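Let me begin by presenting the structure, written as structure tokens, before commenting on it.
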Amino acid sequence: MSVRLLKALAVACLAIAIGSIVASVRATLRAGDIQGPSAIVVVPSGEVWLGVDDALWRISAHGQLLDEQPIRATGLPGAAANFVRGPDGAIVASVRGDATLYFLDATNARVFRRMNPLWPADLQGHGARAINFAFDAAGRVTIATGGGDAVALFEPEGR
């Protein structure tokens with residue numbers, strides 16, 4: 001074999017190895033993503049909203065898929081982590097890695113309001129790790145976070 005052919009073969013093998021590494025890294029990162037349903041709520045009309053990957057499924061009370069839309073079409077910046085019915089009938093969503101609570105109209109599934117809870121300084125980093133939240137009849141929200149064992153109560157405006 002000539003030196004030129006050996007060099008070309010070495011370059012080809014190197015390109016295949018780099019391509020394999022890139023494919024492996026991508027597969028590993030994708031495997032770490034949460035797949036499938038991540039949030040569910042029954043809206044006042046009786047529909048079920050289901051967050052599935054980067055989509056919102058709207059399902060009738062009888063189990064028929066009524067609509068499937070990209071989650072970004074709702075105004076959410078990413079996949080829904082939780083859906084909760086707010087005291088006024090709105091659906092409130094959280095998104096992983098985002099401390100904002102997003103209020104969606106229960107009829108058209110569009111964000112119409114945002115609330116950024118004002119976390120105390122010693123809990124500042126916990127907002128983006130909310131794992132669950134609930135509202136009382138007055139609109140106050142209690143938020144539980146992961147990784148820090150923190151639970152905080154906020155006024156309806158986020159204080």
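The values are calculated or read from the model by the stated rules, or taken from the named source; none is laboratory data. Since the structure is predicted, the reported quantities are computational estimates derived from the model, not experimental observations. Neighbour counts run over all protein chains shown; Cβ positions are idealised from the backbone, glycine included. Ligands, DNA and RNA are excluded from the accessible area calculation, which covers all protein heavy atoms including side chains. Shrake-Rupley method; radii C 1.70, N 1.55, O 1.52, S 1.80 Å.
Among the residues making up the stretch 86-98, those that are modelled with pLDDT of 90 or more and either open to solvent by 20 Å² or more (accessible area, probe 1.4 Å) or of a type in the set (A, V, I, L, M, F, W, C) (or both) are 90, 91, 92, 93, 95, 98.
Is it the case that some residue within the stretch 113-126 is within 22 Å of residue 35 (Cβ to Cβ) and open to solvent by 80 Å² or more (accessible area, probe 1.4 Å)? Checked against the condition, which is being within 22 Å of residue 35 (Cβ to Cβ) and open to solvent by 80 Å² or more (accessible area, probe 1.4 Å), the stretch 113-126 yields no hits at all. Out of 152, 137, one residue alone is touching a strand residue (DSSP E or B) at 6+ places or on another chain (Cβ under 7 Å) and either free of Cβ contacts under 8 Å to residues at least 60 places away in the same chain or outside any loop (DSSP other than H, G, I, E, B) (or both). It is 152. Screening 80, 109, 73 for residues that are under 13 Å from residue 132 (Cα atoms), open to solvent by less than 70 Å² (accessible area, probe 1.4 Å) and not polar (S, T, N, Q) leaves exactly one candidate, 80. Might you check whether a residue that is touching a Leu at 6+ places or on another chain (Cβ under 9 Å) and loosely packed, with under 13 Cβ neighbours inside 10 Å occurs anywhere in the stretch 137-151? Looking for residues that are touching a Leu at 6+ places or on another chain (Cβ under 9 Å) and loosely packed, with under 13 Cβ neighbours inside 10 Å, one finds at least one in the stretch 137-151, hence yes.
Does residue 108 satisfy being polar (S, T, N, Q) and part of a loop (DSSP other than H, G, I, E, B)? Taking the combined requirement at face value, the residue satisfies it.
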